[in-house]
Amino acid sequence: MNLRRWSPDRRVDRGPLWILIDLAVAYLSAVISIGPSDHVASVADGPLLERAAAVVWFAAIAGRRFAPATALWAASAATAAVALAGLPVMNASLATAMALTLVLRSRPLRFAIESSCVPVVAVLVVLVPVADAFVPALLAHAVAVVVGRAGRVRWEAQETMRRSEIEREREAAAERVRQARAAERTRMARELHDAVGHAVTVMVAHAGAARFALAGDREEITAVLGSIERVGREAMRDLDGVLGLLADEEDAADQGLEESLRALLASLPAEVTAELRVPGEALAGLGSEAAAAVRRVVQESLTNVIRHARPAHAVVEVERGADWVQVSVRDNGSGPVPQSSRQGRGLAGMRERVAALGGEWESGPLDSGGWRNRARLPLTEEAA
């Protein structure tokens, strides 16, 4: 028999008061007779078997809170031995009934039945010929079953409520974290736009004013100021595009991952075009972590296209297997910056994020020109 079935899956009450009560009951059950018999169990008098049985009954009642199933089987064996030996039977069945109560309270119903069926049936069978003992024993065990099951059902209901409360608290904590992250991302985007945007706007304004003030005086200075003004305006457009890509990924997940990706593509500046290739329901039913990773890979890849590869055309492609999803972003741009510079902090962060989910990451230049980022994410623990 599985040893786990002999041990409780929960601790029953073991306070000093309960143990004292069990000790008192164990003593009284040995010295008080039942019915017309004036025979009582005694450690000092009577046959050796009866003395040993008295010790076992006392120990079973006194120790039932620590090993209920062991106490039940030991008390049952002692009762059966006394009855089969033809010795007078007193209220020995109380030991098995009290142990049965805690077996039913401390184990699931299936294991409780497996642990208690044989000893309980054995006690009742050996007491059948003893009319004065059988009826009290039957009633005692029936009460034990009712009390034990009631205690178990009450405890299981309390455990269900406790787990539900823990789950609600966990969900509430996760929601607070999500809201805090969303607020922080919004604050960072706003601060970046206000600080950098203001500085660039002032720079453009001063360059424009200086260009008009010096118009016709020195052409080379006018040309430089015009260049500064033009680059500043382009920087503002880039900043707006990049901040648009900083939309909160949790909000995007709420509106649907595919809609979120299409919104990312729609926010690109005019020099960058893109298309999304998503077959069927490839993005449906992804876990929150996988969906967030897909979006962040696309987001960071498009951000790099804006920074390093324009003018360019990007292709975002999603593939879905039974237990994996793959997203790749490739572009045909070269841009003014060497391609090796695309391996920045953002892609390193994506590599770490994909690796944390047990996925695969590839990033590098294409033979035909341009760049490709690819992430393959597992959707199950086995795939990971």
Being under 23 Å from Ala52 (Cα atoms), part of a helix (DSSP H, G or I) and out of contact with any helix residue (DSSP H, G or I) (no Cβ under 6 Å at 6 or more places or on another chain) is the requirement here; does Ala172 meet it? no
Residue match in region 94-111 (condition: aliphatic (A, V, I, L, M), open to solvent by 10 Å² or more (accessible area, probe 1.4 Å) and in contact (Cβ under 8 Å) with a residue 60 or more places away in the chain): yes
When region 232-250 is examined, which residues are found to be open to solvent by 60 Å² or more (accessible area, probe 1.4 Å) and at pLDDT below 70? Glu234, Arg237, Asp240, Leu246, Glu250
Is one or more of the residues making up region 182-196 at pLDDT 80 or above, part of a helix (DSSP H, G or I), more than 30 Å from Ala81 (Cα to Cα) and not hydroxyl-bearing (Ser, Thr, Tyr)? yes
Selection from region 85-125 of residues more than 26 Å from Ala150 (Cβ to Cβ) and modelled with pLDDT of 85 or more yields Val125
Write out, first by first residue and then by second, each pair whose Cβ atoms fall under 6 Å of each other, whose residues are 6+ apart or on separate chains, and whose first residue, in region 114-131, is closer than 13 Å to Thr70 by Cα and assigned to a helix (DSSP H, G or I) while the second is open to solvent by less than 70 Å² (accessible area, probe 1.4 Å) and aliphatic (A, V, I, L, M). Ser115/Ala69; Ser115/Val103; Ser116/Leu72; Ser116/Leu100; Ser116/Val103; Pro119/Leu72
Looking at (1) modelled with pLDDT under 60; (2) surrounded by 19 or more Cβ atoms within 10 Å (Cβ to Cβ), find the lone condition where Ser37 falls short. (2)
Region 52-68, residues that are within 11 Å of Met98 (Cα to Cα), assigned to a helix (DSSP H, G or I) and not β-branched (Val, Ile, Thr): Trp57, Ala60, Ala62, Pro68
Given (1) more than 20 Å from Val55 (Cβ to Cβ); (2) of a type outside the set (S, T, N, Q); (3) in a helix (DSSP H, G or I); (4) open to solvent by 50 Å² or more (accessible area, probe 1.4 Å), number of the condition Gly151 does not satisfy: (4)
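Taking Gly346, is it modelled with pLDDT under 85, open to solvent by 20 Å² or more (accessible area, probe 1.4 Å) and in contact with a helix residue (DSSP H, G or I) (Cβ under 9 Å, 6 or more places away or on another chain)?
Working: modelled with pLDDT under 85: yes; open to solvent by 20 Å² or more (accessible area, probe 1.4 Å): yes; in contact with a helix residue (DSSP H, G or I) (Cβ under 9 Å, 6 or more places away or on another chain): yes.
Yes; evaluated as a whole, the condition is true for this residue.
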Among the candidates Leu100, Leu124, which residue alone is in contact with a Phe, Trp or Tyr (Cβ under 8 Å, 6 or more places away or on another chain), under 24 Å from Ala59 (Cα atoms) and not aromatic (Phe, Trp, Tyr)? Leu124
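The values are calculated or read from the model by the stated rules, or taken from the named source; none is laboratory data. Since we're looking at a predicted model, the values are computed, not measured. Heads up, the Cβs are rebuilt from the backbone with ideal geometry, glycines too, and the neighbour counts pull from every protein chain shown. Keep in mind that these areas ignore ligands, DNA and RNA; they rest on the heavy atoms of the full protein, side chains included. Shrake-Rupley method; radii C 1.70, N 1.55, O 1.52, S 1.80 Å.
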